[in-house]
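Please treat every number below as a calculation from the coordinates, not as lab data. Here the structure is a predicted model, which means the values were calculated and not measured. Cβ sites come from the backbone with ideal geometry, for glycine too, and all protein chains shown count toward neighbours.
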Amino acid sequence: MGKLKNKSSNYKVIDDWKDFDKSKLMSLSADYYSEKGIDAFSRVKSSNIIPSETSCSYAHAESLALLLKNQMDMNPNKGVFKVLELGVGSGLFSYNFLRAAEKLGIIDKVNYCVSDFNENILVKIKDLEFLDQFENNVNFQVIDLLNIDSSYSLINTDYKLDDLDLVVGNYLMDVFPALPVKFSNRNIGELDKLQVKVSQPKNLLDEDLYSNDKLFKNLKIEERYVTYDSKDFSDLEANYIDLFQNYVRKHDSRVPRIYPYGYGSLKALENVVSRLSNEGFFYVMDVPYRENANIKPYDTYGNTVANHVNFDLMICLLEQNNNSFRYTRNDYYGRLLVARNDKLLFDFSEKYSFIDEFMANNPINLYSDLIRAISMIKTKEGVSVLGTLIDSLEKISPNETTTHLIRADYHTMKKDYSNALTFLNLAKDADKAGMYKVNTEISKIKALMK
Ligand SMILES: C[S@@+](CC[C@H](N)C(=O)[O-])C[C@H]1O[C@@H](n2cnc3c(N)ncnc32)[C@H](O)[C@@H]1O
């Protein structure tokens, strides 16, 4: 008993039973993105990073550039195509997309807008100069997707947020407020919402939020479900509540599961779709909610919360608004492609067969399989298998920091330090945003070579 008391007194409560979506976890998460900026995506080995490797890979970016090329082929008389990337984070996807557009010979027709709600991120990406070679094709725009009218341009350009041909949101929907809800087991047919009580170890300082990436892992997060009552609704929450309730009530109330009410992602979706051109697409890639009562509906990465995205609910909204869409998912990510025009994807499906190709056979699937398989091989006996896997990775995601680092690890395993060093130097060169701290790895190899 004494021990327990001691343990709990090592914590101080920083948020006392708040609705999950309005809790300190969400505001700390937003602060972390604002304050930490581009460094939130830094890949020091063993750190608890935001999983942007797959989303930002060249393989993924090239598949979207190819989609755009197909759109261009369908509309040969249209001059420039407006591409908008939301919540760019490290800017690596932008860089890879523009690289791919150049390779596909379409760069002259691309007007690419790099955007985030955090101005510091954009300033940093601009200062790092890795997009300078595409200077004529790039805009920088501060866009808070939940407050889109407050958008402004970083450099003095007259960029209008309309008539957008391709909008990309990688791991963006998961940052918006969402409330986990489930059927009550006390009052049949009624709904309960998740509340959390958050405590932090007393020895952690407030500023550790930015200096210590593991603060969230050290928080004590207690959960409870209480009656979901309309009197506590925020405006945004109230806005989509009928849609949400209709969606929930389609399900069997006896099956224990959680229904994430991602009202933030619904608003974000509407904000983008209404600004698409007639031929335009909004592409969303994110961590999907899995209908399993035992899986938490959110994760923490760095000091951020990633809400598992309720794609099914987003689809209810698209159906209600008569937008057309394609959706596919696996355990790791969901991918949704939306067009404003309901004719686009269905009436002309033969003409638009590239869309099915883009959704079904995307290289991102192979990319993420390869990354997972490569990380599992640790033994010397596996080296030849590893070599084959890395060959495949190099084909679909060439000249990328991750690919070079993996090749360097492979040579290190073979004790071929000279080749390892060659690939580390290539990795350093490819690490445009300085995310990987390759110098530390170089020093380690040099020490082994002595
Ligand atoms: C999980 S990160 C994804 C970064 C990048 N797209 C990727 O795949 O690596 C989410 C990004 O969204 C930005 N963000 C957070 N809230 C936002 C908002 N309300 N509007 C626009 N961007 C936002 C963050 O600054 C961060 O860069």
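What does the C-alpha gyration tensor say about the overall shape of the range 88-154? Classify as rounded when a/c is under 1.5, otherwise prolate if a/b is larger than b/c, or oblate. Judged from the Cα gyration tensor, the range 88-154 comes out prolate (a/c at least 1.5, a/b above b/c).
Note on SER353 and ASP429: their simple-model spin labels are 4.1 nm apart, each label 7 Å out from Cα toward Cβ.
Our summary gives the range 304-450 a relative contact order of 13 percent, counting only alpha carbon pairs under 8 angstrom and 6 or more residues apart.
Can you work out D for the range 312-407 in µm² s⁻¹ from Stokes-Einstein, where Rh is the Kirkwood radius over C-alpha pairs, the temperature is 25 °C and the viscosity is 0.890 mPa s?
The diffusion coefficient I find is 154 µm²/s.
Can you tally the net charge around TYR225? Count Lys and Arg as +1, Asp and Glu as -1, for every other residue whose Cβ sits under 10 Å from the Cβ of TYR225. Net charge in that neighbourhood comes out at +2.
Quickly estimate the mean residue ellipticity at 222 nm for the chain, helices only: each DSSP H run with n ≥ 4 gives -39500 (n - 2.57), and the total goes over all residues, rounded to 500.
Mean residue ellipticity at 222 nm (helix-derived): -12000 deg cm²/dmol.
Its relative contact order, with pairs defined as Cα atoms under 8 Å and 6+ residues apart, puts the range 377-449 at 27 percent. Can you tell me what share of the DSSP beta bridges in the chain is antiparallel? A percent to the nearest 5 is fine. In the chain, approximately 65 percent of DSSP beta bridges are antiparallel ones.
Residues within the reach of a label modelled at GLU270 (point 7 angstrom out along Cα to beta-carbon, backbone nitrogen below 12 Å), restricted to the range 307-339, are 317-318, 320-321. Stretched out straight at 0.36 nm per residue, the stretch from ASP73 to LYS231 would grow longer than its current Cα-Cα span by 51.7 nm. The Rg/Rh ratio of the range 377-449, with both radii computed over alpha carbons and Rh defined as the Kirkwood radius, is 0.96. Rounded to the nearest whole angstrom, the semi-axes of the ellipsoid equivalent to the range 28-142, taken from the Cα gyration tensor as √(5λ), stand at 27, 15, 12, largest first. Ordering of 264-275, 184-195, 244-255 by packing is 264-275, 184-195, 244-255, highest average first (other Cβ atoms within 10 Å, averaged per residue). Residue separation of ALA238 and SER418 scaled by 0.36 nm, minus their Cα-Cα distance, works out to 58.6 nm of gained length. Summing +1 for each Lys or Arg and -1 for each Asp or Glu among the other residues whose beta-carbon sits under 14 angstrom from that of PHE130 gives -3. Averaged over residues, the count of other Cβ atoms within 10 Å places the peptides 153-164, 205-216, 389-400 in the sequence 389-400, 205-216, 153-164, highest first. Note on MET376 and PHE346: the model spin-label points, each 7 Å out from Cα along the C-beta direction, lie 4.0 nm apart.
Structural descriptor for the chain: relative contact order 18 percent, calculated from alpha carbon pairs under 8 angstrom and at least 6 residues apart. Here LYS250 is the anchor, and the lysines within straight C-alpha reach of less than 21 Å, apart from those fewer than 8 places off in the same chain, are LYS182, LYS193.
From the square roots a ≥ b ≥ c of the eigenvalues of the alpha-carbon gyration tensor of the chain, which class results: rounded (a/c under 1.5), prolate (a/b over b/c), or oblate? Because a/c hits 1.5 or more and a/b fails to exceed b/c, the chain counts as oblate.
Give, as a single signed number, the net charge of other residues whose beta carbon lies under 15 Å from the beta carbon of ASP356, with Lys and Arg counted +1 and Asp and Glu -1.
Here the count lands on 0.
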